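A short worksheet on the structure shown next.
Read-outs: derived from the displayed coordinates by stated rules, not from any lab. Not measured: the values here are computed from a predicted model. Using ideal geometry, Cβ is built from the backbone for each residue, glycine included, and neighbour counts are taken over all protein chains shown.
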């Protein structure tokens, strides 16, 4: 059974305006409650990342691609040279990168980072960071609707 609304043009225009006013106010509330992107300049300084700290942090070590051997034993050998043992190297190793890049991530103290960066085959050592993706939308509101 179909229902037919018999609205006069005046009523349908008012309903249309109310609907869009409602959507406008909903969008304003959503933009106010949207997550604010983290600005790296405003982010608090992590004391564990300072060179004077001895706490280990996660670092990504980029290396040359190992020739003729599996990557993981190569990474363990690089870590062992600085950490002192294969056991310590295996404990510090978190992840091996094999496809898009050659390298590994490991928990290292600032002094160990300096030692790893001097090893043959090591290209670069960078601290691991978690980044927040921002949608790129604007948070400014229009002053008037035209």
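Cβ crowding within 10 Å ranks 54, 109, 130, 63 as 130, 54, 109, 63, fewest other Cβ atoms first. Ordered by the number of other Cβ atoms lying within 10 Å of each residue's own Cβ, fewest first, 97, 75 fall into the sequence 97, 75. One decimal place: the segment residue 62-residue 98 gains 11.9 nm when fully extended, by the rule 0.36 nm per residue minus the C-alpha distance. Across segment 50-127, how large is the tail of the calculated P(r) beyond 15 Å, expressed as a percent of all Cα pairs? Of all Cα-Cα distances in segment 50-127, 48 percent exceed 15 Å. Each Cα pair under 8 Å and six or more residues apart adds its sequence gap; the mean of these over the residue count of segment 50-127 is a relative contact order of 47 percent. Annotation: extensible slack from residue 117 through residue 131 equals 2.7 nm (criterion: 0.36 nm per residue apart, minus Cα-Cα distance).
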